[in-house]
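For reference, the structure discussed in these notes is given below.
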Amino acid sequence: MHMTLSPTCMANRPHVHEAQIGFPPGPRRAKLPTGNFATARLQRVRFPASPTTISWLSLQWLVVCLPPVPSCRSRVGLAFSLTLVSVAVHTERPVVISGPSGVGKGTLYQKLLDAYPETFATTVSHTTRKPRPGEVEGTAYYFVSRDKFESLIAEGTFLEFAEFNGNLYGTSKQTVMDQTLKGSIVLLDIEMEGVKQLQAEQSKTDSQINARVVFIKPPSLEALEARLRGRGTEDEESIQRRLAQVLAELEYAETGVHDKIIINDDLDRAFQELEGFIFERP
């Protein structure tokens, strides 16, 4: 792929073999020839079609390696052409993190949001429960009546929905697409039944949702049971009910429905593996 760029400055910097594309320290990487750094303003860049990418991607900054140059002047109007040797990017495909309760998926989800606030976005769900003090309509949730929620189900509004403690919760397809159109990677935390609904939606020929699903797996059932008991917040009946659900989710994961399975036996290592999958790092 060739691009014509206008660098604002070239400086004598140590030669490197790799550069980053995106919001520094952006996750999108390209291997380029050894040379000096240049920082260039980039409006739009076209990526070659791949099984997962969209056709256009808007970026703010591009840091590239250039062949060595003898001097540097601020704001030089030099234009140059370069060839990207390789680009690995899955921009704008939503990422679903799934897994049994207590496995650490919520922690990994939050670590991604904290590490890449300019890359990921969350969605605002619909719910039939009453607003709590301080909750703002359209920010915390979209609060609707049960009748309205059920009519939205009938209209095919939701990507996934479920009932918890007598209240319905759902993620609309539109809120996912709205964030995607802004250039964000939508991050979703969805339980097994929601993943099944997602797969059913994506199997439709006219579906506009094309998410990747990651399953966070415990190192063992015994380790997960120890975590649940260590919380000290649930009685024995609740723990046994959760463990039965864990077995069901582990069996479902064996069907190959997920794009990636990560064993969370070490949080830092699991996070690195999750980053590597999302950003295609080796």
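Which of (1) within 22 Å of the chain's Cα centre (by Cα); (2) surrounded by 13 or more Cβ atoms within 10 Å (Cβ to Cβ); (3) in contact (Cβ under 8 Å) with a residue 60 or more places away in the chain is the odd one out, the single condition residue 197 does not satisfy?
Condition (3) is where residue 197 drops out.
Taking only segment 111-125 into account, find how many residues are of a type outside the set (Lys, Arg) and part of a helix (DSSP H, G or I). Steps first, please.
Taking segment 111-125 and keeping what is of a type outside the set (Lys, Arg), we get 112-125.
Now drop any that are not part of a helix (DSSP H, G or I), which leaves 112-115.
Residues meeting the conditions: 4.
Only one residue in 242, 269, 281 is modelled with pLDDT under 90 and in a helix (DSSP H, G or I). Which one? Quick ask: steps written out before the conclusion?
Details: 269 fails: modelled with pLDDT under 90; 281 fails: in a helix (DSSP H, G or I).
Residue meeting the stated conditions: 242.
Name every residue in segment 262-276 that is surrounded by 16 or more Cβ atoms within 10 Å (Cβ to Cβ) and over 13 Å from residue 104 (Cα atoms), in order of residue number.
273, 275
Examine segment 215-232 for a residue that is in contact (Cβ under 8 Å) with a residue 24 or more places away in the chain, over 21 Å from residue 108 (Cα atoms) and not basic (Lys, Arg), and state whether such a residue exists. Quick ask: steps written out before the conclusion?
From segment 215-232, those in contact (Cβ under 8 Å) with a residue 24 or more places away in the chain are 215-219, 221, 223-224, 227-228, 231; that's our starting set.
Among the residues that remain, those that are also over 21 Å from residue 108 (Cα atoms) are: none.
No: segment 215-232 contains no residue that is in contact (Cβ under 8 Å) with a residue 24 or more places away in the chain, over 21 Å from residue 108 (Cα atoms) and not basic (Lys, Arg).
If a residue has to be surrounded by 21 or more Cβ atoms within 10 Å (Cβ to Cβ) and within 12 Å of the chain's Cα centre (by Cα) to count, how many in segment 181-194 make the cut?
4
Given (1) closer than 19 Å to residue 101 by Cβ; (2) hydrophobic (A, V, I, L, M, F, W, C); (3) outside any strand (DSSP E or B), where does residue 153 come up short, assuming only one miss?
Unmet condition: (1).
Condition (residue is in a strand (DSSP E or B) and in contact with a strand residue (DSSP E or B) (Cβ under 6 Å, 6 or more places away or on another chain)) applied to segment 126-135: is it met by at least one residue? Outline the logic, then answer.
The initial filter retains those residues of segment 126-135 that are in a strand (DSSP E or B), namely 126-127.
Those left that are additionally in contact with a strand residue (DSSP E or B) (Cβ under 6 Å, 6 or more places away or on another chain): 126-127.
Checked segment 126-135: at least one residue is in a strand (DSSP E or B) and in contact with a strand residue (DSSP E or B) (Cβ under 6 Å, 6 or more places away or on another chain).
The values are calculated or read from the model by the stated rules, or taken from the named source; none is laboratory data. None of the values given here were measured: they were computed from a predicted structure. With ideal geometry, Cβ positions are generated from the backbone for all residues, glycine too; neighbour counts draw on all protein chains shown.
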